[in-house]
Each structure stands twice: as structure tokens, then as C-alpha cells.
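Below is one structure; the comments refer to it alone.
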Amino acid sequence: MSATTLKRPLLRGFRWPALWVAIWIAMIAAVVASSLLPAHDLPEVPDGFDKVEHFVGYFVLSAWAVMLFAQRRAQAIAAVGLIGLGIALEFAQGAWTVSRMADSADALANSLGVLAGLMLGPTPLGGLLVWVEGKMRR
């Protein structure tokens, strides 16, 4: 690891970094909880639409991580962690719930959502949370 990497901050230049990290953690907790809820506690969706929900949910988690972390390495680590979470939750659905089942297509949709969110890193959208926070100061 180079000295330049060590000097770069882990998070982007936030005034309230704990707020943005706490929101991300709350979103992850919501995904975990909703993934393990009994099927009858969830709203009905049209066939196949749950894949869109999986993609969008993990896209948002990944995009938020990209907007949080200043370093590409940290963004990549978050992405790997989110992909692992998505796969682990599919296994957990199959093993720990009676009304849900593990679905490899859901795990794929989760993973594709994470990768799509990761792609926002080098774009101007990667700095969206910093911009929003700047608007909040006014």
C-alpha cells in the first residue's frame, strides 16, 4: 500500500459522516429484516417483479456505499460484502424460514444491483451525498 493511499480519508468530506453511515447501516438492517420476514408478511408482487426489487434494493445499498467511501478500494470491499450478504440471506431464507426459499436468481439480481451501484463511483453521482449535505447547510 502506498503512502498516498494511507493519507487519503476513508469517507468522503462530510460534515456529518456518522449520519450518512448510520443511514446506510439502517438500510442494510432493513434489507436483512425484510429478507427474513415470513412471506405472508410481505406485500404481493407480480411474478418476476421480486427480481426488480432485489436489484434495486442492492443497487441503492451499493450506490450509497460509493457515495460514502472516498477510496475505490473501500467501495470495492463494501461491494464484495454486499454481494456476500445477498448470497448469505438467500441461504438463510432456505435454512431458517418455513415460508421462504433460497433462490439463486434472487442472489444474481442482488449481485447485479451491487455491481451497477459500484459503477456510479467514478461518475459525478458518486459525490451526490456530499452535494446534498452541502445544500443542507444553507
Exercise. Within the set of pairs 6+ apart or on separate chains, which have a first residue in the stretch 91-107 that is in contact (Cβ under 8 Å) with a residue 12 or more places away in the chain, a second that is part of a loop (DSSP other than H, G, I, E, B) and surrounded by 15 or more Cβ atoms within 10 Å (Cβ to Cβ), and C-beta atoms under 8 Å apart?
Worked result: Q93/R100; Q93/A102; Q93/D103
Problem set entry | Test: F59 is in contact with a strand residue (DSSP E or B) (Cβ under 9 Å, 6 or more places away or on another chain), in contact (Cβ under 8 Å) with a residue 40 or more places away in the chain and of a type outside the set (V, I, T) | no
Exercise. Would you say F91 is aromatic (F, W, Y) and more than 11 Å from the chain's Cα centre (by Cα)?
Worked result: yes
Problem set entry | Filter result (of a type in the set (A, V, I, L, M) and in contact (Cβ under 8 Å) with a residue 24 or more places away in the chain) within the stretch 109-131 | A109, L112, V114, L115, A116, L118, L120, L125, L128, L129, V130
For this session: Check whether at least one residue in the stretch 49-63 is closer than 23 Å to P122 by Cα, of a type in the set (D, E, K, R), more than 11 Å from the chain's Cα centre (by Cα) and surrounded by 14 or more Cβ atoms within 10 Å (Cβ to Cβ), and report yes or no.
Result: no
Exercise. Yes or no: D50 at pLDDT 95 or above, in a helix (DSSP H, G or I) and charged (D, E, K, R)?
Worked result: no
Seminar exercise, completed: A careful count of residues in the stretch 89-101 that are within 13 Å of A33 (Cα to Cα) and not in a loop (DSSP other than H, G, I, E, B) gives 5
Seminar exercise, completed: With the first residue restricted to the stretch 37-51 and required to be within 15 Å of Q93 (Cα to Cα), and the second required to be at pLDDT 85 or above and in a loop (DSSP other than H, G, I, E, B), Cβ contacts under 6 Å at 6 or more apart or on different chains are P38/S99; A39/S99; A39/R100
For this session: May I ask you to list the residues in the stretch 91-122 that are modelled with pLDDT under 95 and under 21 Å from R72 (Cβ atoms)?
Result: G121, P122
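The values are calculated or read from the model by the stated rules, or taken from the named source; none is laboratory data. Because the structure is predicted, anything quoted here is derived from the model rather than measured. Methodologically, a virtual Cβ is constructed for each residue, glycine included, from the backbone with ideal geometry; neighbour enumeration extends over all protein chains shown.
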